[in-house]
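Structure first, then comments.
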Amino acid sequence: MENMFEQDLDPVEANSPALTPITFVQRAALAHPKRTAVIHGDIRRTWQETYQRCLKLASALRKLGVKKGDTVAALLPNIPEMLELHFAVPMLGAVLNAQNTRLDAKTMTFMLNHGKASVFFTDREYCERAREALAGCDAKPKVIDVDDPQFEGGELIGDMTYEALLQTGDASFEWTPPAHEHQSIALNYTSGTTGNPKGVVYHHRGAFLSALSNVVGFGLPDGAVYLWTLPMFHCNGWCYPWAVTAVAGTHVCLRQPHPRPVFEALEQHGVTHFCAAPIVLNMLINAPAELKRPFGQQVTAATGGAAPPAATIEAMEAMGIKVVHLYGLTETYGPSVVCDFQDEWHYLPSKQKAQKMSRQGIPSLTMSDMRVADPVTLEPVARDGQSIGEVLVRGNSVMKGYLNNPDETRKAFAGGWFHTGDLGVWHPDGYVEIKDRSKDIIISGGENISTLEVESALYNHPAVLEAAVVAAPDEHWGEVPCAFITIKQGADALSEEDVIAHCRDHLAGFKIPKRIVFTPELPKTSTGKLQKHVLRAQLAG
Ligand code: ADP
């Protein structure tokens, strides 16, 4: 028999409504109706206005026939309408598929068909690809254009504009909470470097918890002023549309994260927080001096999506911007591991401090557990900072699974853990450090070589702008490291010997690249990740 604490105390409606981030916008409108919710060019809207627009949008979509379990796709930049969709679509029990705006038309068609989108929101900027993508659709969705005043050019290609759609909606619409908190809320496709992308499905509970985990991990205060440098399509802007709304903050929209508007926003709107991939931080660091504006407030930037070199963290902090380092995947609602800052790191010299901060860290608040383990036996590796294993996580911020793909879902969850496909080491202090994606690690004469470690050494050279290290086939060693390098503008000429000599000071002999290729640009994915398979193919060719 159960103990007395488990008797007659079952969950009831009064004490366990489904967790959902929709309540954040309702609360923001109640708590701070007059506070600025959104800034976009000349547009300013309060939380009351924003909530009412979400209700009208939900009501209008309902009139279009959108119901529970339907997919609403959005190919939009970081504009207020994209934010509103993050609340209005779940209000109907429907699922938001925010699409990567940089993809080709063929992939967009694949996603529209695979996700069975019934409505598709788009923007004049993407009209050509959107039109082409729609032409290939099995069943054409209803197309709604956002006619954004901040963009000139392009054409309206849809059935009606967003504002016209809104006019058909009713602000007294009563939304229904999800029937249960594992009901789906979002569909996000992985980048699919090999084969078709996989559709990662999120639930309301995960979105709610991930958003709150961001609030804590990033230290978002009530009324934070958040700049939209990270695309809202990437893991739902890593869940920040919901997180910033949870603190009734101000969303400062931005169509493109170019240095000029970023520095202008820091100065003009008192931005306190923003998120960006390391490549965007590098762009800010290397921006011309005349673009860098002074700002008086404390600014914190969260970075992740790729390993930030310690040199990048150091340079950001030298610009007066505090850095928080996060690690995660589309499958974990974005950040699920955070490099919590230890008090004693304040006293370290800046290089060493940045080194500590460049480790990926410990599980975020809403992840239950993490280990670095043998991918087959799932036995944890020693916490010695040396032994390599796969990073495994479990918790409520792990996806429901891949849409219509039970085999891949089963593989991803084998043995009760989510398999990240990243290889790392575990340090004695419990911090994980990623060494490579499993497909990128180099095995040379039976020894593992972390390409991230070699790249980090290359970034320490003052003339190196970007570096990518990949395996080159070798008859004797099996594989050897080869480095592709871009050089900073105005830097002194650099020879292969110079680079190898620099590496000799920083790396063990077997890790030194055997070949250096100077290139004007490195191939990257639409979310700024290095495309190492392209470089490997180049070497093989
Ligand atoms: P993709 O579709 O390219 O897999 P994701 O955004 O899901 O897109 O990418 C997740 C991957 O990005 C991780 O598996 C890891 O390899 C890399 N990554 C993310 N954050 C970090 C980080 N802080 N440090 C190192 N690698 C990272």
Of all residues in region 172-191 being within 16 Å of the ligand (Cβ to nearest atom) and either open to solvent by 80 Å² or more (accessible area, probe 1.4 Å) or out of contact with any Phe, Trp or Tyr (no Cβ under 6 Å at 6 or more places or on another chain) (or both), which is modelled with the lowest pLDDT? Ser191
Residue by residue through region 506-523, note down the ones that are outside any helix (DSSP H, G or I) and open to solvent by 60 Å² or more (accessible area, probe 1.4 Å). Lys514, Arg515, Phe518, Pro520, Glu521
If you take the residues in region 492-505 that are over 12 Å from Val464 (Cβ atoms) and surrounded by 14 or more Cβ atoms within 10 Å (Cβ to Cβ), which one is farthest from the ligand (Cβ to nearest atom)? Glu496
I'd like the residue in region 281-310 that is touching a Phe, Trp or Tyr at 6+ places or on another chain (Cβ under 9 Å) and aliphatic (A, V, I, L, M) and, out of all such residues, is nearest to the ligand (Cβ to nearest atom). Ala307
Filter pass, Ala301 being open to solvent by 30 Å² or more (accessible area, probe 1.4 Å) and in contact (Cβ under 8 Å) with a residue 12 or more places away in the chain: no
Going through region 524-541 one residue at a time, which ones are of a type in the set (A, V, I, L, M), in contact (Cβ under 8 Å) with a residue 12 or more places away in the chain and either assigned to a helix (DSSP H, G or I) or over 20 Å from Lys435 (Cβ atoms) (or both)? Leu535, Leu539, Ala540
Inspect region 259-268 for any residue being within 16 Å of the ligand (Cβ to nearest atom) and open to solvent by 30 Å² or more (accessible area, probe 1.4 Å) and give the result as yes or no. no
Those residues of region 110-124 which are open to solvent by 40 Å² or more (accessible area, probe 1.4 Å) and among the hydroxyl-bearing types (Ser, Thr, Tyr) amount to Ser118
Strands (runs of 3 or more DSSP E) (entirely within region 429-476) containing at least 3 residues that are in contact with a strand residue (DSSP E or B) (Cβ under 6 Å, 6 or more places away or on another chain) and within 21 Å of Thr525 (Cα to Cα): 432-437, 464-474
Taking region 506-534, which residues are aliphatic (A, V, I, L, M), away from the ligand (no atom under 16 Å from the Cβ) and in contact with a strand residue (DSSP E or B) (Cβ under 6 Å, 6 or more places away or on another chain)? Ile516, Val517
Looking only at region 477-491, which residues are surrounded by 14 or more Cβ atoms within 10 Å (Cβ to Cβ) and assigned to a loop (DSSP other than H, G, I, E, B)? Trp477, Lys488
Looking at Leu209, Leu165, which one is out of contact with any strand residue (DSSP E or B) (no Cβ under 7 Å at 6 or more places or on another chain) and either at pLDDT 95 or above or closer than 30 Å to His32 by Cβ (or both)? Leu209
Restricting attention to region 44-67, report how many residues are in contact (Cβ under 8 Å) with a residue 24 or more places away in the chain and closer than 17 Å to Val244 by Cβ. 6
Pair list, Cβ < 8 Å and 6+ apart or interchain, from region 114-126 residues that are more than 13 Å from Ile79 (Cα to Cα) and not assigned by TED's automatic domain parsing to the domain that holds Tyr402 to residues that are open to solvent by 40 Å² or more (accessible area, probe 1.4 Å) and assigned to a strand (DSSP E or B): Ser118/Lys142; Val119/Lys142; Phe120/Lys142
How many residues, within region 37-71, are closer than 12 Å to Gly93 by Cα and of a type in the set (A, V, I, L, M, F, W, C)? 3
Residues Gly169, Gly195: which one is open to solvent by less than 20 Å² (accessible area, probe 1.4 Å) and outside any strand (DSSP E or B)? Gly169
Assigned by TED's automatic domain parsing to the domain that holds Gly305, in a helix (DSSP H, G or I), open to solvent by less than 10 Å² (accessible area, probe 1.4 Å) and modelled with pLDDT of 95 or more: is that true of Ala243 in this structure? no
What's the number of the only condition in (1) within 15 Å of the ligand (Cβ to nearest atom); (2) at negative phi; (3) under 18 Å from the mean Cα position of the chain (by Cα) that Gly361 fails to meet? (2)
Quick check: is even one residue across region 255-271 outside any loop (DSSP other than H, G, I, E, B) and β-branched (Val, Ile, Thr)? yes
Can you tell me which residues in region 336-348 are among the aromatic types (Phe, Trp, Tyr), open to solvent by 70 Å² or more (accessible area, probe 1.4 Å) and closer than 14 Å to Lys322 by Cβ? Phe341
Among residues belonging to region 311-335 that are open to solvent by less than 10 Å² (accessible area, probe 1.4 Å) and assigned to a helix (DSSP H, G or I), point out the one that is nearest to the ligand (Cβ to nearest atom). Thr332
Can you tell me how many residues within region 416-436 are in contact (Cβ under 8 Å) with a residue 40 or more places away in the chain, more than 18 Å from Val338 (Cβ to Cβ) and either open to solvent by 50 Å² or more (accessible area, probe 1.4 Å) or among the aliphatic types (A, V, I, L, M) (or both)? 1
Quick one: is Glu163 more than 16 Å from the ligand (Cβ to nearest atom), of a type in the set (Asp, Glu) and assigned to a loop (DSSP other than H, G, I, E, B)? no
Inside region 396-415, can you point out the residues that are touching a residue at least 60 places away in the same chain (Cβ under 8 Å) and either open to solvent by 30 Å² or more (accessible area, probe 1.4 Å) or assigned to a strand (DSSP E or B) (or both)? Asn396, Lys400, Gly401, Tyr402, Leu403, Asn404, Asn405, Glu408
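The values are calculated or read from the model by the stated rules, or taken from the named source; none is laboratory data. Just so you know, these numbers come straight off a predicted model, no measurement behind them. Using ideal geometry, Cβ is built from the backbone for each residue, glycine included, and neighbour counts are taken over all protein chains shown. For accessibility, only protein heavy atoms count, side chains too; no ligands or nucleic acids. Shrake-Rupley method; radii C 1.70, N 1.55, O 1.52, S 1.80 Å.
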